[in-house]
Each structure stands twice: as C-alpha cells, then as structure tokens.
Amino acid sequence: MALTDILKDAVELGKAMGVTLRHLRERPVTVEYPRDSVPLYPRFRGRHELRRYENGMERCIGCMLCEAACPTGAIYVEADENDPHNPLSPGERHAKVYEVNLLRCIFCGDCEEACPTEAIVLGHEFALADYERRDFILTKEELLNPTEPNVIIRPE
Amino acid sequence: MTMPEPVTLTIDGREVTVPAGTLVVDAAAALNIEIPVFCSHPKLDPVACCRMCLVEIEGPRGPMLQTACSVPVANGMVVRTDTDQVKATQEANLAFLLLNHPLDCPICDKGGECPLQDQTMRFGPGISQLVEPKRRKKKHYLISDTIVLDQERCVICWRCIRYLQEWEDKPQLALFERGGETIIDVQDGKPVDAKTGGNIIDICPVGALTNRVARFAFRPWEIERTPSICNHCSIGCNLRLDTRTHTLRRVVGRENMQVNDQWICDKGRFANAWVSSEDRLTMPLLRKGEQLVPVSWQEALQYVADRLRSIKRQHGPDAVGGIGSAKLSNESNYLLQRFMRQIVGTNNIDHRDGGDVAALPTGLPALADIMKPQYGPNPQVDTVLLFGIDPSEELPILDLHLKRAVRRGGVKLVIAHPRKVELTRYGGPYLGYRPGSEATLLNGLVKAALAAGGKDNAKQPAPKVTDEDLAQICGVDPADVKAAAELIAGSERTLILYGPMAARGAHGPAIRDGLGNLALVTGNAQRLAYAGLDANSQGCRDMGILPDRLPGHAALDDQEAKQRLHRLWGGDLPDAPGKTYSQMLDASGDDIKALFIMGANPATERSAWAENLGKLDLLVVQELFLTETAAQADVVLPALSWAEADGTFTNLERRVQRAPRALRDPDTKAAPDWMILDHLANRLGVNWPYADERGITNEIAQAIPFYAGLTWSALGDQGIQWDASAVPQQPDYRPVAQPARPGERRAFALVTGTALYDGGGMFYRTEQMRNMAYNGIALLNPDDAAALAVSDGATLTVRNDRGELALTARLNDTVQPGTVWIPESGNPPVGDLLDGSGAEAVDIARQETAQETVQEAVSQGE
C-alpha cells in the first residue's frame, strides 16, 4: 500500500470524525420513546373518539354515514330510538352499537368528513398495539370515553 | 268495448304514439324522458297539487305551463320539458318545498331512497335562500301502532290520503289548516286502522310516514334485497325482504299485477319480528327425564330413527302419523308425505284444514279476474258470492281488490256470513245465516235461482225448502235470499268463493255440494272456488299432504299416479286411507303411538289434544320455536323459516311462487326441513338423491303432471299458475239434505273465525303490534250485551257441554244478535267448545271480578 493511500484514508477518517465531533455539541434528533415523545401535528389521525356536547349528550345520532363512507368497512353501527324522557342524543335517534375495527381501519379520516354532527373524530392516540384480535374492536363505550381526551376539530 | 285510437304527440322534439287517455307524464316516460313528480303515482288518480311536473304545452296562446301528471295526451300535442322556463319552475318548486322541510336526512329512514332528495339533486337550485327559522310541527307522531308521522317532513302530496280513499275506501287521513300551516292528521283523533294502511309508507315521497317496526333498523344503502313472497295468508303477496347482518330488517311490497298489484297488508309488512327472534330454536332438543336438553343432531336423529323403527315393528306403520303445515313450502310438505308414505308406509298424513275440510282442488280461477275491472275493460267477473269467508280479516288483499272492483268495476257482492262482515257496507244482499243452517240456506238459494230462470243446467227439481224454513232455521229474510239468487242467476259470471269456516266439520260436504248445485244451476261451475287461508294451503293439497290423496290430487288407487311415484321413489305405497288431522289428534295415545309434527301447533287448538299428545310413545316436533306442542315433545328438531331456505309456495289461485333464501343466522344449528327429513330417511335405510331444495322442486315437477316444467328457474319472480283444467272439476247436481234444526238449544250460536291480528306465534313477537291482537276475547252484539248487563271489557264465562272458557267481552255491532264470535286462534282455545258439527251453541254469563263486586258494594252502600 502506498503512503499516499494511507494519508488519503487518514484525511477521510478525520472528516468523518469531524462530523461526529460536530454533532456531539448538538441536541439529539431521536427521542427516548416511550419516556419522551415527538410532538404531533394538529392534523395527525390516530385512534377514534366519539364526542359529546357540553351538556354531556352524545353527538352521534347513529345515522351510519361514517359506515357508508368507510372504504374498508371498519365501522359498524346499529341505531335505536331515543327514550323521549331520557335521550342519549339530541333528536329521535342514537347509536345503540358503534364499533370500529382498528385492524381494518386505514386512518383515512373519511368517517370524520361524513359525520354531520362532528361526533366521530380521529384523535391523537397512536399506541394501539394489543394482544387479542378481539381487543382491536373498539366499542361505543371505549370510543365515548377515551383514557385521555385529546381531540382536535379540524377546520374543514 | 273497442279500444280508442292511439294518439301521436311530440315531446322535446321526439314523436311518440300512446293509447288515448294516457297522461303526458306517462307518455314522456315511454320516451325515457323523466318529468319529476311528487303527488303523481301510477296507482292513484291525479290531483296535480305538488306542481313539480309543470311542463310547457303549446296552446293557442303560445306555450303554457301545465301539469304533466293530469293532462291527457292529444293528437298533435307539442310538449317541452327542457326549456328555461320549465327549469326555473322546477327549481322554484323545490326551493318552496324545502323552505320548511327539516334537514333531518341523517336520521330519516327515507334518506337514501327519498324522491325529494333525489329530485333536489337532479332538478333543485343547489343553494337555499332561507335564513328565517323553519316552521315547527309535530314530529314522531303515531297515527297508528305501526306508522309514525312527521308533519314537518310532509310535502302535502295527498298520496296517503288518496290511497286510503281510493283503495281502502277509509278516509282516515286528511289535511287540516291552510297555507304554510297545512298538516296531515288523522280524522277525529282516531288512529289509522285500515288493514293495508302500511302501504302509505311505501308511497310517501318523503320521510313523513315511516315504519315504526323497522324504525332506524336499516339504511337503504346497506341492506340486501331479496324478492320473496309473504308467509301469512294464501294470497301470496309479492314482497321484498330487506336484510342486514343476517337479520330481517324490513318488509316492503313488490309489484305483481297478477296477485297483489303492489300492495301488501299490515300483517305481512309488520308482523315479521319472529324471523330474527331471540326465541328461535338453535339446537336439537331431546327429552332426558323431565327436561328437554340440547343434544347433537346425530343423537337426536338416531333417537328418532330408532324409536320410529321400533314403534313401527311393534304396532305397525298405521300407528305412526305425520302432520305437515300450510305455512311451509311445497318442498318441505312433499318430502314429509314421501317420508310417511315411502319409509313409514302409512297414509296417516294431513295438515290443519286438510282432510277435515270439504275443499275443491283448484282454488280461484285467477285473482286478476277481480283486479281487471279496475284496470280495463273485459271484466271476467261481475258478481261475487262470498260464502262463509271474510276477506277483510282472512285475505286482506282480496278485500282490497274486491272494494276496488265494486267501486270502479261495478262488481256486485253477495255476502253470506254469520257475522255482518266489513264488506257488507257495499250493500247488495246480505244473508246473515245462523251457523249450522248453511245447507238450508243453500237449498233456498238454489230454489230461488231455479225460479229466477237458471241457466242451461236448470233441469233439476227444486229443493223442498220453504220461506218459513229460511226465516226460522237460517234466520234470514226470504226476500234477501230471493234477491241474492236473482242477482246471481241474472249475472253473466259469478265467482262463488267459500272458505274453511263453511267447509270444516261434519256439514262441510253438504255445504260444498250445496254451493256446487248453486254454481251449476246458475252456470258458474268453473267459478266455484275454495280458498284455504294459509300461505301454502293450496300447495299442501297439491303435494298430497292429505290422508286420501297422493301428490297431484290423485286418488290412492290411481294406478297411473302410483306407477309414476314408484318410478321416482321405488317400493310400494300404502293403499288404505289414513286418518285426518283431527282424527290423528283424537286418536293420539290410542291407535296413534307416534306423531311427527312439522310446523303445526295443535296443543293450542284444543285442551283435549294437548292432553292426548302427552300420551304418545313418541312425539317429534320440527319447529322454529318451543311452542306449546314442542314443549311436550320427546324430540324437538330446530328448523329454518321460509325466509332462510329456498322454497316454492302455491297461492289460492294455483300460482306457484318462489321464496328464496334471504338470510340465515351463521351461528344456528337449525337446518332446513328437507335436510332433516333426508338425514332421517338415511338413518332409516333409504338414500334420497337430493342436494338442495331445488332438486326437490324438480322432482315435484316430475311427480305431479300439472307441475311439469315448474322448475326453480322457470318460475321467475312473478310465479306461474298451473292449469286448472288439469284437475277436471265438473260437479254433479247432488241433492243436499238439510238438518231439521240446529242441534243444541242454548242462548247463543257460536261463530268462530280467523282474525288477521290473531296474536299467534308469528304475530305477538312484533312488540309494536301486540295491542292490536285479538286474543282471549268474545265479540257480542251490543243489544245482547245490554240484556246480559255486560259492558265492554267484562269477563265472561262461555260454556257448553264440552267446556268452559273465560273470555273478555267486546261489543261489536257486526256480530248478529243471538250469536257470539270468538277468534279461532286464541288462548283459551275456542276448540274446547267445538264438536265438529259446525252448529255449536253456548251459554254466556258474566263473571264478576273482585273489583266489580267491591264497586257494587260501595254503590249500594251509598
């Protein structure tokens, strides 16, 4: 091996070490997940939530338009009539069953778009791994009562 | 009548030739030009009130806007539907309709199949200029137990009002107030109780009238639609089953111009919650000790096979009986009789109202004969005699056709019925005979018809019956008998229709012969018809679910039929006639040791039968529910309903129609009838060649000559009538002996009958309809009730030598004085009072309830 080659390599090594040394002074780009987390964009689409009005009434009226809009058939709704003395939602109709199959969902947000009452929204929760297939089907109770309500209403 | 000349006109520059009298809107439809409409409906008279169909028609003063739905075509007429003026009018009209129409679409059951939605998208302005609040009216307003009215959504098109007036002849809805405040409401606060009132839901062009039973249970874009037929009465109305997630969500009418036009009755539309009920059997049950416990199919079938084999060996094949059901398909019934005849080797095979009834084999000539007068010339029927049949309660769509035929076609009605039934309101002779005196009345009619001239066959000696007999035995005014006979004798074509009520029991054959004589002397032999009342009453007879008839109405000793069946089945057939339905149940535990009951519930009909079923060595019940009969069984085999398996049904005019599988619960272990019988046959050592129901349909087409060619694919969506001339029916004149006097001497003659809202197993599972059911009641004439000091709702004791029932009194002036009407399928069963003579009588006493006694004591104390 010629001497020039050794010198060349040394220069290259020096350059590389320079990059490393320069970044030693900077903040890291990775985060220590799950201890830390990256900030989410406002329009991030995560786990679904069903919203309520301020007075506690469910926004969902069981119209099944989200089900019709869903491109993967991930949503299943059964509607029922409100008890006039004890209504769950404004008007005559509410959702008796509301299920989202997270294994099917592609988080496209079409359900949000279709919803006439802004009841179904995609929240910011994204850590959705689980152990049982059955647990990936979110029931109405789970959707109405997320562990941490974190909902952004998108302006469109 | 000659057809008028066709008319040629121009629409949007294209020429079209249509019959005179056609409306412009229909002429445009012939060119595939759509004119939007709301109030116009092909089955209703035009009113031109919604103004949506305005088009330009050239006139002497230039093009003028006129309503296409009410203007008939004329030669040389020039119509334009695409000008700016027409478009502006359509936009303005829709904007006005939408002014006060609430934006309920997401929660409205009509959303997705709503003409207002569709036309707003196609012809509407696209924007709304309304900023003011909308008018508020009544929402969620029940106009009956089954129909919800939303007055805000109504666009005042009059369709519901017109349907109830023009078809039902019951103006129960009307418009109130005026201008923008106009509302639809019921008359005098009385709910809509027309038996076919639910049709106004189908024809409502908006979501103002919705189905309470199916409320919020479906959205139009997500249901599967299966064309089927109704499972309730023998009209066989065409309908559509809407299903979702393996459950039945809704039933709507489907057009068949030979059967039901496009209307269906409320029972067919609403009483269907039983199909997807939680109570359905899902596992075979076997009695172990006192309990019925769920077992596997293998265990249940092996048990039935072993027990049947040993009972047959010990007591002979005639100790086994089979009961089929007129609620089940031709295939199920055909296979059951094949099982009983071929494998068990007995003719003990029958169904309710089967061998016990003096029926005729061919049913109505055609329902269209009665529908024709309203749609065009060339009437096939000009008079209808209803003998002991009440279409309003028993065959509601026939009732609808008859009303229309009377009002639009000039058909005359003659009604002979112990109860002054609803159709008597159209005048015409009414013969309110006493039960048991039918033969005398018919002799009177024949005599009067002969006196009035009769027809070609009128060479018979007149029956010896006097006016006194008619007045005293029948309780009928001889003048009415004379008027009725003269009307029938003077008519060109009279349809004579009778039902099981007249044909049942010991006097049935005499009544059949009496009607035959009347038909013969008035030249109507081809128009004498028996109508069974269940969905497949006709099919059961065709399939040979009778103790004395092989498939195809063949006699047991008909060698040709026997050879035909031998070729298909192999083996020999039993020769001796079997026992009828009632004979088998009477003899249960005695001569009959084992019964195989498919879809019947005799335990509710008579207490004695319920007791007898307990004495059987083996009772196998193939059922959908754990009925009173199934609860007594040794083995219960869970079956599938008409909506869950393929099948064909034959209606009262011999039309064979398909009812394809529309849904099936994926979790159930219940099996179709044919598969159960096929496996059972297999365990008894006979292999049948069927792969599915359609294979059996094909075998029926070979086993019954007049079903030849009626395969599954040939039947199509509208069904095919088999040719009545295949079963020749030329009645002889047979003198009819008349009973001296109705036997029993008691205060009230007992009349039983079928009620449409019967409260039976197929009815009460629809919660919304439970209030409408006729159950546990006795109808009394108000005068009789006053004499007995009975008020509406009082508890009565109705008794005779055979039994005693406690029933709730209802006052009803359609019941004749001196009679009491009790529905057939009630609890307690009226069967306990019947002896099969058809002339039963009862005593009635008021039962004092504890409360009444207290009240009386209080009032006396004052």
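The table for this structure:
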item: Radius of gyration and Dmax over the Cα atoms of the range B:538-608, both given in Å; result: 14.3, 43
item: Length gained when the stretch B:Lys669-B:Thr10 is fully extended (0.36 nm per residue, less Cα-Cα span); result: 231.0 nm
item: The range B:206-358, relative contact order [Cα under 8 Å, separation at least 6], %; result: 12
item: Sorted peptide list for B:424-430, B:325-331, criterion being average Cβ within 10 angstrom, highest first; result: B:325-331, B:424-430
item: Principal axis dimensions, the range A:39-153 - Cα atoms, whole angstrom, descending; result: 42, 27, 25
item: Cα convex hull of the range B:496-550, projected area averaged across orientations, nm²; result: 4.2
item: Interface area, A with B, accessible, probe 1.4 Å, both sides summed, Å² nearest 100; result: 1300
item: For the range B:147-219: Kirkwood Rh in Å [reciprocal of mean 1/r, alpha carbons]; result: 12.6
item: Area of B:Ile143 that stays accessible when all protein chains are in place (1.4 Å probe, Å², to 10); result: 0
item: Over chain B, equivalent-ellipsoid semi-axes from the Cα gyration tensor in Å; result: 47, 33, 31
item: Nearest-10 value in Å² for the accessible area of B:Glu34, using the 1.4 Å probe; result: 90
item: Antiparallel %, DSSP beta bridges [both residues in the protein assembly as shown], to 5; result: 65
item: Shielding of B:134-141 by partner chains, average beta-carbon count, 10 Å; result: 1
item: Calculated [θ] (222 nm, deg cm²/dmol) that DSSP helices of n ≥ 4 give over chain A, each run adding -39,500 (n - 2.57); result: -7000 deg cm²/dmol
item: Accessible area per residue in Å² at 1.4 Å probe, computed on the range B:758-846; result: 40
item: Peptides B:410-422, A:115-127 ordered by average Cβ neighbours within 10 Å, highest first; result: B:410-422, A:115-127
item: 222 nm mean residue ellipticity, helices alone, for chain B (DSSP H n ≥ 4; -39,500 (n - 2.57); rounded to 500); result: -7500 deg cm²/dmol
item: Sites A:Leu102 and A:Arg22 - FRET efficiency at Förster radius 56 Å, r taken between beta-carbons, to 0.05; result: 0.85
item: Relative packing of A:3-13, B:148-158, which averages over residues the other C-beta atoms within 10 Å, highest first; result: B:148-158, A:3-13
item: Separation of the A:Ile6 and B:Asp548 label points, Cα + 7 Å toward Cβ, nm; result: 12.5
item: Calculated FRET efficiency for the pair A:Tyr53/B:Ala555, C-beta based, R₀ 56 Å, to 0.05; result: 0.15
item: Potential extension, B:Thr182-B:Asp717 segment - 0.36 nm per residue separation minus Cα distance; result: 188.5 nm
item: Computed log₁₀ I(q)/I(0) - Debye formula, equal Cα scatterers, no solvent, the range B:493-648, q 0.12, 0.17 Å⁻¹; result: -0.72, -1.24
item: Positive dipole terminus of the protein assembly as shown, leading residue within B:Ile349, B:Ile35, A:Val29 (C-beta point charges); result: B:Ile35
item: Residue mean of other protein chain beta carbons inside 10 Å, A:23-30; result: 0
item: Estimated translational D of the range B:43-158 in µm²/s (Stokes, Kirkwood radius over Cα pairs; 10 °C; 1.306 mPa s); result: 97
item: Contour excess over end-to-end distance, with Cα ends at B:Gln85 and B:Ala708 and 0.36 nm allotted per residue; result: 218.4 nm
item: Protein-only accessible surface order, largest first, of B:Met598, B:Met501 at 1.4 Å; result: B:Met501, B:Met598
item: Peptide-level mean, for B:110-118, of C-beta atoms on other protein chains within 10 Å; result: 1
item: Ratio of the Cα radius of gyration of the protein assembly as shown to 2.2 N^0.38 Å, where N counts its residues; result: 1.13
item: Solitary cysteines of chain A, where the nearest other Cys Cβ is not under 4.7 Å; result: A:Cys60, A:Cys63, A:Cys70, A:Cys105, A:Cys108, A:Cys115
item: Net charge over other residues, Cβ less than 9 angstrom from the Cβ of B:Val206 (K, R count +1; D, E count -1); result: +1
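The values are calculated or read from the model by the stated rules, or taken from the named source; none is laboratory data. Bear in mind that the values here come from a model prediction, so they are computed numbers and not experimental data. Don't worry about glycine lacking a Cβ; one is built from the backbone with ideal geometry, like all the others, and counts go over all protein chains shown. Heads up: the accessible areas ignore ligands, DNA and RNA and are worked out on the full protein's heavy atoms, side chains in. Shrake-Rupley method; radii C 1.70, N 1.55, O 1.52, S 1.80 Å.
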